[in-house]
Amino acid sequence: MKTSAIVLLVVLGLVIIVGGYVWSTYNSLVTLNESISNQWAQVETQYQRRFDLIPNLVASVKGVMEQEQKIFGDIADARTKYANASGANEKAVAASEVESSFSRLLVVMENYPVLKSSENVQTLMAQIEGTENRISVERKRFNDEVRTFNVMVKRIPSSWVAGMLGYNEKAYFESVTGSETAPKVEF
């Protein structure tokens, strides 16, 4: 009788330990998953700030420079693609198109001193530059959160719990192929 009571207590103790581990791991996975969602929302907030600045920039620049309508069209098209995108990957591709259009706009601005000297344009470009820096910071934070989550999902024994609970590896924010090359602007 005493032996069976000891075995029962040992089994019960193991069940409590394993159950506690599963519970703790589940809570950690939920917390990390929500951190990733929150961080992606921060990235999108900065994208929204960027897209709110675009119409002001376009209006200011149009007043000074009529001949570069294609760039403005590209910016507007990319903004529309972003607004219609569903999911992080489609939004990242659309956001990269906006970045490419902005790069071309910056090159054009360097070639037009009148445009460059416009106070409105300078102010808006400084705001956009600040926004681009914020986006970069938020993307890095997002990737840091994803890395933490992915490490937990891959490590044993938490990988077993993650697999049982349906948690899978998350995708990192990655730039679009070709974005490492500066755009070429020709007149």
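No lab work stands behind these numbers, since they all come straight from the coordinates. All values derive from a computational prediction rather than experimental measurement. Using ideal geometry, Cβ is built from the backbone for each residue, glycine included, and neighbour counts are taken over all protein chains shown.
Arrange Thr25, Thr3 by Cβ neighbour counts within 10 Å, fewest through most, would you? Each step should come with its number before you reach the end.
On the way: Thr25 20, Thr3 7.
Ascending Cβ contact count within 10 Å gives the list Thr3, Thr25.
If you rank Lys2, Lys170 by fewest surrounding Cβ atoms within 10 Å, what's the result?
Lys2, Lys170
Where does each of Ser100, Ser28 land when they are ranked from fewest to most other beta-carbon atoms within 10 angstrom?
Ranked by crowding around the Cβ, least crowded first: Ser28, Ser100.
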